[in-house]
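A short reminder: the numbers here are calculations on the coordinates, not readings from a lab. No experiment lies behind these values; they were computed from the predicted model shown. Neighbour counts are summed over all protein chains in view; Cβ atoms, including those assigned to glycine, are modelled from backbone coordinates with ideal geometry.
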Amino acid sequence: MPHRLNLRAPADCQNCGWRPKHMFCNLAPDALADFDTIGSSASMQSGAVLFREGDPGDRVYILCDGKVKLSCSSRDGKTLNLKIALAGDVLGLSAIISGSPFEVTAEALEPVSLKAIDRTDFLPFLNRHGEASMHAAKALSEEYMAAYSDARRLALSGSVSGRIAGLLLDWAKSESCGKAAMRFHMTMTHDDLASFTGTSRETVSRTLSRMQKDELIRIQGAAVTILLPERLTELASE
């Protein structure tokens, strides 16, 4: 069963320090004031499941802080990790708009805060504000492009090193927010990394160790620093 959300009054999105950095929430004052009146803020602990694949798509979730893992499963129980959602991402958007069940399972990788909005409130909000509708369309477009990029990496990368290099670069770029230093906090296990890259945990461990030995990356606890992004880019394109 999905985690029972601790719902509270709507978040004050107008005074959120993260808003200028996140496309969907960066709305004009009138749209943002309206956005503040719908939905509820909520928090979840690490390991909690927000929704499961196949659940009714009755809410959309704007991730305000923390990381959420999105995955899907086959009938025989195999799990494929698809994405790590970060602050500013909108979860369940395609299900809400299409009226279909959630396509993925969303699990918190660390304590998260979010805004939950019922479908019956979210769709009228999009109808009232063309800017918000465009932001939703852009978010869906970015989801499509990310899925295409991931499929291309899995299908066309000739080496496990290339797939892992591409994944590390994607995560570093997402968390660095344009800063020169490419660092990120990896909350994933080697099993998770193996699922993302279509390989085994043992191969992931060996590949990361070799990358550290070659001084391509540095791992200190959960902190990962990309030391030679150009070399990782070369690996990812092989």
**Report entry** Projected area averaged over orientations for the chain, convex hull of C-alpha atoms, nm²
**Finding:** 13.3 nm²
Query raised in the report: If only Cα atoms are counted, what is the Rg of segment 159-237, and what is its Dmax, in Å?
Result: 11.4, 32
Report summary line: Scoring segment 159-237 by relative contact order with C-alpha pairs under 8 Å, at least six apart, yields a percentage of 41 percent
**Report entry** Computed FRET value (nearest 0.05) for residue 103 with residue 191, which takes r as the C-beta separation and R₀ as 25 Å
**Finding:** 0.70
Query - Label point at residue 154 placed 7 Å out along Cα→Cβ; residues across segment 58-86 whose backbone nitrogen lies under 18 Å - result: 69-85
Report task. Compute the long axis of helix 201-213 from its Cα atoms, compare it with the longest principal axis of the Cα atoms of the chain, and write down the angle in degrees, 0 to 90, nearest 10. Result -> 70 degrees
Query raised in the report: Relative contact order of the chain: what whole-number percent is it, with Cα pairs under 8 angstrom and at least 6 residues apart?
Result: 18 percent
Query raised in the report: Which length gain, in nm to one decimal place, applies between residue 131 and residue 225 when the Cα-Cα distance is subtracted from 0.36 nm times their residue separation?
Result: 30.2 nm
Query raised in the report: Is segment 52-128 best put as rounded, prolate or oblate by its Cα gyration tensor, with a ≥ b ≥ c the root eigenvalues, rounded for a/c under 1.5, and otherwise prolate when a/b is larger than b/c, oblate when not?
Result: oblate
Query raised in the report: Taking Cα atoms, how many degrees apart are the long axis of helix 119-128 and the longest axis of the chain, rounded to 10 and kept between 0 and 90?
Result: 80 degrees
Query raised in the report: Label residue 174 and residue 28 with points 7 Å out from Cα along Cα→Cβ: what is the distance between them in nm?
Result: 3.1 nm
Query raised in the report: Given H placed 1.01 Å from N in the peptide plane, which residues other than close sequence neighbours of residue 39 have an amide H under 5 Å from its amide H?
Result: 118
Query raised in the report: Using the alpha-carbon atoms, what tilt in degrees (0 to 90, nearest 10) does helix 160-176 show relative to the longest principal axis of the chain?
Result: 40 degrees
Report summary line: Any residue on another chain or 5+ positions along whose placed amide H is under 5 Å from the amide H of residue 51 is listed here as 106
Report task. Compute the length gained on full extension between residue 46 and residue 58: take 0.36 nm times their separation in residues and subtract their Cα-Cα distance, giving the result in nm to one decimal. Result -> 2.0 nm
Query - Cβ crowding within 10 Å averaged over residues, with 193-203, 86-96, 223-233 ranked highest first - result: 86-96, 193-203, 223-233
Requested in this report: Starting from the Cα of residue 146, step 7 Å along the direction of its Cβ; do the same at residue 74; then give the gap between the two resulting points in nm.
Outcome: 2.4 nm
Query - For segment 98-238: rounded, prolate or oblate by the Cα gyration tensor [a/c cutoff 1.5] - result: prolate
